[in-house]
Amino acid sequence: MMAKSFALIYSFIIFVKINVCLGSFFDIHYPDVFVTAEQGGNLTIRAGPDGGDIIMIPQGNGTVFIGQTDMLKLFEIVNSLPPVWSEKSPHGTLGTFLGGKMVSLSVSAQDPENGKVTYEKVSGALPPGVNLDKITGAITGRIPDVDATYEFGIRVTDSHGKYADQIFSIDTRERDQCLSTPCLHGGTCSDDIDDFVCACPKPYGGKTCQTNCASMAIGIDLNRKKIPDAQMSCHYCSGDSAGVDGRLHAPQGWLGVNTNSWLQVDLGREMELHAVANQGYTSSGYYITNYNIKYSMDGNTFLDLKNGTSKLDFSGSSSVNSVIKHSFPTPFKARFVRFIPKTYQGKPGMRVELYGCDV
């Protein structure tokens, strides 16, 4: 029965008999009226014979309480209906979408009592990167680049706790990431999940083969300093010479003792190296005429840089200012690089830079 039916008024006169046990009282504390029975006593309100009613008529925003229970609110909850999904939210698929596409969908339901409703995913899974707005029912986000069907249940709930569930699904289709021909300079594209990989021809590198790696200084050079001082070291150094002195364009340069000496650079990460450059020591009496290179991934096991079966020899610079640059016949990957003097004048001295790209 709806709350307003609680206040039906019949046309006949209602006779109300109030039976109160001895010791009860009828009290008025304006604007309130109290009818109180003795402790343990009963209060009986009985309508007249022949089908009389008991009528309680609260005024304005008033209500009827029994104990702590709001009876009108209780009747409202009992008689309320659950939300109804709209025709715009049919059971089943919400559509098929291509990977990478931004989507903006919505599901909606109405409360028969015109109250507010909220939405919640109660089962299954939305596509990764796609979210449900609990207030509006909007489904938005970026579709993942995979072939899949995502099925999920959404519950719409009204202010009385009444709810209705609905099952939906979204189909996703992988997009060929190579359709846009992203690889430059003749690079070969391979499609991947939500991504692509370019196989770049020498000497190019980077995500889309956009970088000429043979011209990309990694930052040993003092004028382009990216490699921290702590990542430069040396072995069997002359006097107070240190690894950090071995930067290209450094004021002096690194100075070793003999062919057992070496200068080492930790790149901080694996890189693909394409070229090397060097200058001599600032004293014209000290320079390297030829040097070799060793490289490593872990800093423990080093390999000789070879051309086939023979170590590669690189000519050094005997000039204080001149820079000699060599491209490697085949780019190689390394994190640690050592410069090993082979022949030198006076003492082996040099300043270096490497060129390459991130792997």
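Quick notes on this structure:
For every residue, the table says whether it meets (1) among the polar types (S, T, N, Q); (2) under 26 Å from ASP194 (Cα atoms); (3) exposed (fewer than 14 other Cβ atoms within 10 Å of the Cβ); (4) modelled with pLDDT under 95.
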{"residue": "VAL64", "(1), (2), (3), (4)": "no, no, no, yes"}
{"residue": "GLY95", "(1), (2), (3), (4)": "no, yes, yes, yes"}
{"residue": "TYR119", "(1), (2), (3), (4)": "no, no, no, no"}
{"residue": "PRO144", "(1), (2), (3), (4)": "no, yes, no, yes"}
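- Residue in region 309-317 that is in contact (Cβ under 8 Å) with a residue 24 or more places away in the chain, in contact with a strand residue (DSSP E or B) (Cβ under 7 Å, 6 or more places away or on another chain), farther than 16 Å from TYR287 by Cβ and among the charged types (D, E, K, R) present: no
- Options SER319, SER296; residue that is more than 15 Å from ARG338 (Cα to Cα) and either among the hydroxyl-bearing types (Ser, Thr, Tyr) or within 48 Å of the chain's Cα centre (by Cα) (or both): SER319
- Neighbours by Cβ (under 7 Å, 6+ apart or cross-chain): first from region 103-123, assigned to a loop (DSSP other than H, G, I, E, B); second of a type in the set (Asp, Glu): ASP111/ASP158; GLY115/ASP158
- Positions within region 313-356 being touching a Phe, Trp or Tyr at 6+ places or on another chain (Cβ under 7 Å) and not in a strand (DSSP E or B), in sequence order: GLY316, SER317, SER318, GLY346, LYS347
- Annotation: of all residues in region 205-233 being more than 29 Å from the chain's Cα centre (by Cα) and in a strand (DSSP E or B), the one that is nearest to ASN321 (Cα to Cα) is ALA217.
- Any hit, region 172-187, residues being more than 25 Å from the chain's Cα centre (by Cα) and in a strand (DSSP E or B): no
- Residues in region 322-352 that are closer than 17 Å to LYS294 by Cα and of a type in the set (D, E, K, R): LYS333, ARG335, ARG338, LYS342, ARG351.
- Some residue of region 177-190 being out of contact with any Cys (no Cβ under 9 Å at 6 or more places or on another chain) and surrounded by 14 or more Cβ atoms within 10 Å (Cβ to Cβ): no
- Only a single item in (1) assigned to a loop (DSSP other than H, G, I, E, B); (2) under 25 Å from ALA214 (Cα atoms) is not met by SER283, and it is number (2).
- ASP158 meets the conditions (1) at pLDDT 95 or above; (2) closer than 30 Å to GLY95 by Cβ; (3) of a type outside the set (A, V, I, L, M, F, W, C) in every case but one. The failed one is (1).
- Whichever residue in region 134-144 is touching a Ser or Thr at 6+ places or on another chain (Cβ under 8 Å) and touching a residue at least 24 places away in the same chain (Cβ under 8 Å) and, among such residues, is nearest to THR96 (Cα to Cα): ILE143
- Taken as a whole, region 261-278 holds no residue that is part of a loop (DSSP other than H, G, I, E, B), in contact (Cβ under 8 Å) with a residue 12 or more places away in the chain and not polar (S, T, N, Q).
The values are calculated or read from the model by the stated rules, or taken from the named source; none is laboratory data. Bear in mind the structure is a predicted one, so any value in this text is a computation, not a measurement. Note: ideal-geometry Cβ built from the backbone for every residue, glycine included; neighbour counts use all protein chains shown.
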